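One structure is given below, encoded as structure tokens.
We did not get these values from a lab; they are worked out from the coordinates using the rules stated. Keep in mind that what you see is a predicted model, and the values were worked out from it rather than measured. Neighbour counts run over all protein chains shown; Cβ positions are idealised from the backbone, glycine included.
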Amino acid sequence: MWLIVGLGNPGPEYADTYHNVGFRVVEQMAGRSGVRVNIKCGPALISNRVTAGGQDAILVLPQTFMNLVGSALPKLFERFETSRERVIAVYDDIALPLGKLRIRQKGSAGGHNGVKSLISSCASDEFLRVRVGILPERPVTSLHDFVLARIAKGDRDLMTHAETAASDAVETLLREGPSKAMATFNRLDLREAKEE
């Protein structure tokens, strides 16, 4: 069983922030599958089983707040008899421009506290990730304040397109594997389509 884990913070005050892109991607995937992510499983909300990219998967929204998202995994691993090899984490990346995605099979947390928590819980950095760029073209004075800010009106369309592309990327990962997904999505730049 695959676990598609969106990283974010619970509660309406965080729903429309840059940091919650992982939650929104998972919610979009739930909408595509006609399910809700509202079943309690330890410190997470999960969906019923869905088919994504031809594979059985559970959509996961940890309810622990970002810095402790890894604590949601042990209960999920136990319940679905799965492991980190079948985790796809979807999250924001301040090192990537808004409109860019990066799929990786492993790697460091890159300063992202949610990813640090996942690595700690998995005792490994080897799990699939879909990183969604959130860095705007304008200067950012405080990264902490920026990631927890509501998405600016001028960024909203590009963010929406990036979230749709991230949902597509997860399905491609499941259907065709990491190499094909990376070849397709790691070179995608949604800013170019916006400029045309």
- Out of 114, 42, 70, any idea which swings most in a Gaussian network model of the chain, alpha carbons joined below 10 Å? 42
- For P(r) over Cα pairs in 5 Å bins from 0, in percent the list reads (1) 1, 8, 18, 22, 22, 16, 8, 3, 1, 0; (2) 1, 6, 14, 16, 16, 14, 11, 9, 6, 4, 2, 1, 0, 0, 0, 0; (3) 1, 8, 16, 19, 19, 16, 10, 6, 3, 1, 0, 0; the calculated value is entry (1)
- Return the calculated 222 nm mean residue ellipticity for the chain, to the nearest 500 deg cm²/dmol, obtained by summing -39500 (n - 2.57) across DSSP H runs with n ≥ 4 and dividing by the residue count. -11500 deg cm²/dmol
- Message: Antiparallel versus total DSSP beta bridges in segment 1-159: what percent is that, nearest 5?
- Response: 50 percent
- Could you please report the charge total around residue 150, scoring K, R as +1 and D, E as -1 over all other residues with beta-carbon less than 12 angstrom from its beta-carbon? -2
- Message: Could you compute the net charge surrounding residue 93? Neighbours are other residues with a C-beta less than 14 Å from the C-beta of residue 93; K and R count +1, D and E count -1.
- Response: +4
- Of 133, 107, 154, the one that fluctuates the most in a GNM where the chain has Cα springs shorter than 10 Å: 154
- Item | Theoretical FRET efficiency, 1/(1+(r/R0)^6), r = Cβ-Cβ of residue 38 and residue 78, R0 22 Å, to 0.05 | 0.60
- If each of residue 160 and residue 191 carries a label point 7 Å out from its Cα toward its Cβ, how far apart are those two points in nm? 2.1 nm
- Task: Specify the residue with the greatest mean-square fluctuation among 24, 36, 129, computed from a Gaussian network of the chain linking alpha-carbon atoms under 10 Å apart.
- Result: 36
- Arrange the following residues from fewest to most other Cβ atoms within 10 Å of their Cβ: 45, 173. 45, 173
